[in-house]
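Below you'll find the structure, written out as structure tokens, and then a few comments.
The values are calculated or read from the model by the stated rules, or taken from the named source; none is laboratory data. Because the structure is predicted, anything quoted here is derived from the model rather than measured. FYI the Cβ positions are ideal-geometry reconstructions off the backbone, even for glycines, and counts take in every protein chain you see. Accessible surface areas use protein heavy atoms only, side chains included; no ligands, DNA or RNA. Shrake-Rupley method; radii C 1.70, N 1.55, O 1.52, S 1.80 Å.
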Amino acid sequence: MNAHAGPDGATLYVDRTDADIGTNGPFYVVYADTDGERRWGYFCGNCETFDNAMDSMGRIRCNVCSNLRKPDEWDAAHE
């Protein structure tokens, strides 16, 4: 895992072997500890930022470059 300074200055660990596919690049899983036991969130592999959000359907959107991971489940009623 690669160590990076997080948004609040804390050290976060990006696991580049665990990723979800986005439209512009992967979203890597981020942990708050080196053991990978405390999951923190995601890191955008396209623009190298932690500034992203996940909605209730599992869709991840990067707030910087608009990289997008499609939802885990899709239902036409949500459209």
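Full-extension gain between Ala10 and Ala32, please, as 0.36 nm times their residue separation minus the C-alpha to C-alpha distance. Working shown, then result.
Numbers: separation 22, 0.36 × 22 = 7.92 nm, distance 0.84 nm.
Full extension from Ala10 to Ala32 adds 7.1 nm.
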- line: Per residue, accessible area of the chain with a 1.4 Å probe, heavy atoms of protein chains only, in Å², comes to 63
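Ordered by packing density, taken as the mean number of other Cβ atoms within 10 Å over each peptide's residues, highest first, how do 16-23, 46-53 rank? If you can, show how the numbers build up before the last one.
Numbers: 16-23: 14.0, 46-53: 15.9.
Descending mean neighbour count gives 46-53, 16-23.
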field: Amide proton proximity set for Trp40, modelled H, under 5 Å, gap of 5+
entry: Val30, Tyr31, Ala32
message: Just to confirm a number: summing +1 for Lys and Arg and -1 for Asp and Glu over residues other than Gly22 whose beta-carbon lies under 12 angstrom from that of Gly22, what do you get?
response: +3
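Can you give the FRET efficiency for Thr23 and Asn2, using 1/(1 + (r/R0)^6), R0 = 35 Å, r = Cβ-Cβ distance, to the nearest 0.05? Each step should come with its number before you reach the end.
On the way: r = 23 Å, r/R0 = 0.65.
Step by step, r from the Cβ atoms, then E = 0.95.
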query: Based on the inverse mean of 1/r over its pairs of different Cα atoms, what is the Kirkwood hydrodynamic radius of the stretch 1-55, in Å?
result: 11.1
- prompt: With a sphere of radius 13 Å drawn around the Cβ of Tyr31, what net charge do the other residues whose Cβ falls strictly inside it have (Lys, Arg +1; Asp, Glu -1)?
  reply: -2
